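Below is one structure, written out as structure tokens, with a few remarks after it.
The values are calculated or read from the model by the stated rules, or taken from the named source; none is laboratory data. In this text, all values refer to a predicted model and were calculated from it rather than measured experimentally. Cβ sites come from the backbone with ideal geometry, for glycine too, and all protein chains shown count toward neighbours.
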Amino acid sequence: MSDTVRYDDRTPRLFFLAAIFWAVVGMLVGVLAAAMLFLPELNVAPYLTFGRLRPLHTNAVIFAFVGNMIFGATYHSMQRLLKARLFSEALSKIHFWGWQLLIVAAAVSLVGGVTQAKEYAELPWVLDVVITFLWVVFAVNFFGTIARRREEHLYVAIWFYIATIVAVAILHIGNSMAIPYSWLGSYSAYAGVKDALMQWWYGHNAVAFFLTTPYLGLMYYYLPKAAERPVFSYKLSIMHFWSLVFVYIWAGPHHLHYTALPEWASTLGMLFSLILWMPSWGGMVNGLLTLRGAWNKLRDDPVLKFLVVAVTYYGMATFEGPMMSIKSVNAVSHYTDWTIGHVHAGTLGWNSFLSFGILYWIVPRLWKTELFSKRLATAHFWIGTIGLILYQVSMWVAGITQWAMWRAFEPDGRLVYPDFIETVLRIVPMYWVRLVGALLFFAGLLVMLYNLVRTMRSAPAGFDEEPEVKAPPLVVDRSAPGATTAPGTWDHAFFRFQHVIRHGVHRAIEGRVVLLTVLTALALSVGSLVEAIPLFFDESNVKTIASVKPYTPLELLGRDVYIREGCYNCHSQMVRPFRHETERYGEYSKAGEFVYDHPFQWGSKRTGPDLHRVGGKYPSLWHVRHMDQPRSTTPGSVMPRYPHLLKDPIDDSEVEAKMRAMRAVGVPYGDGEIATAKASIAAQAQAIATEVEAQQGPPGLAGREIMALTAYLQRLGTDIRWRRPLVQPPLALPAAPSAGPATAAAPVAAER
């Protein structure tokens, strides 16, 4: 075996270039979406609306920008840590180009309205398959490189990379189970409460194991490199790794406090979220104390400025998250902009700032030149920091304002602000502040782009030649120095035992990648199984309601339109058991009402009111006008217009396939219902269109998509009988012969 190795720096270089490009694209879409949220004139239906661009923004930033950073930095650092070249140049190329094509396909599908409507997992099922394939390619390349390593023990950064690969594989496969009805469309294999648990098991831990653990691995490598100091504590990094991997996976249910999820599950999520604060801060302390003795460099080194603020924001976000998981605090924060501020504190303060610091450090080294301008890098730091603070503070203020207005009561017991739009208009100034902060952050990104492009252009000829370093072959015999015993003998076993006693059990584990990987998978599996098994196999956790029936074919198509247009990004469908919610919306939501919802639609943010009890609240004409001209029914509304829904025909070509897919996941559609689905659609759509015309609405809507969406909205919350709150619609409409669909008079809920 040769005593030298040539590193493959071309692959990391490509991933870093892609990360820079997608950072600009993803954050530009984010700035546009932030403006669209309160300036509805910027929305251009059907493709360029907030509902479609918001998931594009999150996916572009998380999987395009951050994903390419993870792959580039992992491939760069692991070669140095393992003293080995990447396992396969062919796999590296497949991984890089496959990931970029995946991102483009994802963008096209999301703008086209093809979505699974699950937070951070919106991509259609066929792209989920592509993700799985590319993740396997990454894993084979990663573990193949480890297999040919020249270093016996695995450095702490490698542990976090292993946890990332294993956890993301488990999460992605577990949450992506679906039954396709076409090459793009599918329905989640889980329904209602079970789907909510699976989604937030995935959603919270996508943050944990895609935005946190790989970046902690990068922190453990690039922070000591930039500071030219060793990691503060090896023992603390061991505690940090194992406690984080074990505890994080339990925390997902805290996103579902006060919902239809069983109380025991959300309480368990809260308890482990609080425990999570300790290992998270252990990592922050380890990172900051690594800089001991290097503080004097902070004044002149923009790289360290970015890295220090990134680690500090990691500590802030991992304190705020457990605090928000406390039920009394979550009652304030959930569904408000506070959550949006918290999420961006992590993604912008932790992920983006760490990425910027790494890029400023790595680009000059990979292009074998000097950074074009430290002054511009420092300017970027201050512009970005000010923008980040404005963004976060504005969302804190907006969130607390929303909570206070939603729950405000008059002395006589009436809601102070019965119309939801009053709370929206009150926080619009904070949306302007957020937009200013977002623009500043984006301006800083453009400064970095200019600085790095000028740096790359100054690269000398031959900068892309592969570096060659000395790398002695791996010592297979792990016995003490000077031992002459042969493997397999008692003497050799004794020396191995001495080695474990002297250096610790973990030191021995580090040299055995299979054992380390298996233990990591086991640590991840415990919490997942403890939370999922009771919910999936104990029927008492989700009591059924006799009056709850499957959606009619037209309502099913209307639900698909609702999902396609991204309505779930602004509206929830979950009335929590708080007095201010039941007074405003109606009876609190029951678990049994969602047994046919694939996927669930509980939402995570209320820019508009909750819709779970909207069925029968307004005449059908109100919904037609609301979608065509939102401000005609709700003065001051910031909702975009959807005029195409009144023009585009109902597409019932796949309704039979959709119903069969629904039947495969447990919805009891009979053969007769499937066979007569198109006739049923025509009849129900005509009935609603006749109702709209009787209410002095536009004629000729029977075959339009607005009828399907109206049918779905008029069905929501009507499967059980409850007393409607005395809250009048914002605009009175002509009297209608019927206050809503027949389902509005459903029988009293009967649990069994």
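Do the conditions hold for Arg512, that is, is it farther than 30 Å from Leu244 by Cα, at pLDDT 85 or above and of a type outside the set (A, V, I, L, M)?
Values: farther than 30 Å from Leu244 by Cα: no; at pLDDT 85 or above: yes; of a type outside the set (A, V, I, L, M): yes.
Against the criterion (farther than 30 Å from Leu244 by Cα, at pLDDT 85 or above and of a type outside the set (A, V, I, L, M)), Arg512 does not qualify.
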Matching option when the condition is free of Cβ contacts under 8 Å to residues at least 60 places away in the same chain, closer than 29 Å to Leu39 by Cα and either in contact with a Cys (Cβ under 9 Å, 6 or more places away or on another chain) or not charged (D, E, K, R) (or both), among Pro649, Pro698: Pro649
Flagged pairs (Cβ under 6 angstrom, 6 or more apart or on separate chains; first in the range 451-480, modelled with pLDDT under 65; second surrounded by 12 or more Cβ atoms within 10 Å (Cβ to Cβ) and aromatic (Phe, Trp, Tyr)) are Ser479/Phe495; Ala480/Phe495
Which of (1) touching a Leu at 6+ places or on another chain (Cβ under 9 Å); (2) farther than 21 Å from Leu91 by Cβ; (3) of a type outside the set (S, T, N, Q) does Leu154 not meet, given it meets every other one? (2)
Could you check the range 545-556 and list, in sequence order, the residues that are surrounded by fewer than 24 Cβ atoms within 10 Å (Cβ to Cβ) and over 16 Å from Asp597 (Cβ atoms)? Ala546
Go over the candidates Val329, Val285 one by one and state the one that is in a helix (DSSP H, G or I), in contact (Cβ under 8 Å) with a residue 40 or more places away in the chain and among the hydrophobic types (A, V, I, L, M, F, W, C). Val285
Out of the range 40-59, which residues are closer than 21 Å to Val343 by Cβ and among the acidic types (Asp, Glu)? none
Pick from the range 633-656 the residues that are crowded, with 20+ Cβ neighbours inside 10 Å and hydrophobic (A, V, I, L, M, F, W, C): which of them is farthest from Gly703 (Cα to Cα)? Val638
In the range 257-266, which residues are in contact with a Ser or Thr (Cβ under 9 Å, 6 or more places away or on another chain) and either acidic (Asp, Glu) or assigned to a helix (DSSP H, G or I) (or both)? Ser266
Subset of the range 538-554 [among the polar types (S, T, N, Q) and either closer than 30 Å to Met707 by Cα or without any contact (Cβ under 8 Å) to a residue 12 or more places away in the chain (or both)]: Ser540, Thr544, Ser547, Thr552
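I'm trying to understand the selection: among the residues of the range 596-606, which are out of contact with any Phe, Trp or Tyr (no Cβ under 7 Å at 6 or more places or on another chain) and crowded, with 21+ Cβ neighbours inside 10 Å?
Step one: list which residues in the range 596-606 are out of contact with any Phe, Trp or Tyr (no Cβ under 7 Å at 6 or more places or on another chain), which gives 597, 599, 602, 604.
Scanning the range 596-606 gives Asp597, Pro599, Trp602.
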Selection count, the range 306-343, where residues are touching a His at 6+ places or on another chain (Cβ under 9 Å), closer than 23 Å to Arg434 by Cα and of a type in the set (A, V, I, L, M, F, W, C): 3
So, in the range 82-100, exactly how many residues are part of a helix (DSSP H, G or I), surrounded by fewer than 21 Cβ atoms within 10 Å (Cβ to Cβ) and in contact with an Asp or Glu (Cβ under 9 Å, 6 or more places away or on another chain)? 1
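Do the conditions hold for Arg496, that is, is it at pLDDT 95 or above and either surrounded by 14 or more Cβ atoms within 10 Å (Cβ to Cβ) or basic (Lys, Arg) (or both)? If you could, list the steps in order and put the result at the bottom.
Values: at pLDDT 95 or above: no; either surrounded by 14 or more Cβ atoms within 10 Å (Cβ to Cβ) or basic (Lys, Arg) (or both): yes.
Spelling it out, it is not the case that Arg496 is at pLDDT 95 or above and either surrounded by 14 or more Cβ atoms within 10 Å (Cβ to Cβ) or basic (Lys, Arg) (or both).
Within the range 144-159, take every residue that is assigned to a helix (DSSP H, G or I) and out of contact with any helix residue (DSSP H, G or I) (no Cβ under 7 Å at 6 or more places or on another chain) and give me the one that is modelled with the lowest pLDDT. Steps first, answer last, please.
The initial filter retains those residues of the range 144-159 that are assigned to a helix (DSSP H, G or I), namely 144-147, 156-159.
Cutting the leftovers down to out of contact with any helix residue (DSSP H, G or I) (no Cβ under 7 Å at 6 or more places or on another chain) gives us 144, 147.
Working: Gly144: 97, Ala147: 94.
If we take residues in the range 144-159 being assigned to a helix (DSSP H, G or I) and out of contact with any helix residue (DSSP H, G or I) (no Cβ under 7 Å at 6 or more places or on another chain), then Ala147 is modelled with the lowest pLDDT.
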Single residue of Leu535, Leu529, Leu524, Leu557 found to be touching a residue at least 24 places away in the same chain (Cβ under 8 Å), within 17 Å of Lys194 (Cα to Cα) and part of a helix (DSSP H, G or I): Leu535
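Can you say whether Phe71 is in contact with a His (Cβ under 8 Å, 6 or more places away or on another chain) and buried (at least 23 other Cβ atoms within 10 Å of the Cβ), as far as the supplied structure shows? I'd like the intermediate steps shown before the answer.
On the way: in contact with a His (Cβ under 8 Å, 6 or more places away or on another chain): yes; buried (at least 23 other Cβ atoms within 10 Å of the Cβ): yes.
In short, yes.
Here is a yes/no grid of residues against (1) under 30 Å from Arg457 (Cα atoms); (2) modelled with pLDDT of 95 or more:
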{"site": "Ala294", "(1), (2)": "no, no"}
{"site": "Leu298", "(1), (2)": "yes, no"}
{"site": "Tyr314", "(1), (2)": "no, yes"}
{"site": "Ser333", "(1), (2)": "no, yes"}
{"site": "Asn351", "(1), (2)": "yes, yes"}
{"site": "Pro364", "(1), (2)": "yes, yes"}
{"site": "Phe381", "(1), (2)": "yes, yes"}
Among the residues of the range 45-69, count how many are closer than 21 Å to Trp432 by Cβ and either at pLDDT below 95 or touching a Lys or Arg at 6+ places or on another chain (Cβ under 7 Å) (or both). 0
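Report whether or not Arg559 is among the charged types (D, E, K, R) and surrounded by fewer than 22 Cβ atoms within 10 Å (Cβ to Cβ). Break it down stepwise before answering.
On the way: among the charged types (D, E, K, R): yes; surrounded by fewer than 22 Cβ atoms within 10 Å (Cβ to Cβ): no.
Answer is no for this residue.
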Selection over the range 10-61 where residues are without any contact (Cβ under 8 Å) to a residue 12 or more places away in the chain and either in a strand (DSSP E or B) or closer than 30 Å to Ala459 by Cα (or both) yields a count of 3
Would you confirm whether or not the range 66-73 contains a residue that is touching a helix residue (DSSP H, G or I) at 6+ places or on another chain (Cβ under 8 Å), closer than 27 Å to Leu28 by Cβ and either without any contact (Cβ under 8 Å) to a residue 60 or more places away in the chain or aromatic (Phe, Trp, Tyr) (or both)? yes
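Would it be correct to say that Thr145 is closer than 15 Å to Val514 by Cα and touching a residue at least 40 places away in the same chain (Cβ under 8 Å)?
On the way: closer than 15 Å to Val514 by Cα: yes; touching a residue at least 40 places away in the same chain (Cβ under 8 Å): yes.
Yes, satisfied.
Regarding the range 652-659, can at least one residue be identified that is in contact with a Pro (Cβ under 6 Å, 6 or more places away or on another chain) and at pLDDT 95 or above? Give the steps one after another, and end with the answer.
At the first step, the residues of the range 652-659 found to be in contact with a Pro (Cβ under 6 Å, 6 or more places away or on another chain) are 655.
Right, trim to at pLDDT 95 or above and you get 655.
So far as the range 652-659 goes, yes, one or more of its residues are in contact with a Pro (Cβ under 6 Å, 6 or more places away or on another chain) and at pLDDT 95 or above.
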Are any residues in the range 296-326 under 29 Å from Thr259 (Cβ atoms) and outside any helix (DSSP H, G or I), and if so, which ones? Ile326
One residue is enough: does the range 246-256 have a residue meeting the conditions over 27 Å from Val542 (Cβ atoms), modelled with pLDDT under 95, in a loop (DSSP other than H, G, I, E, B) and touching a Leu at 6+ places or on another chain (Cβ under 7 Å)? no
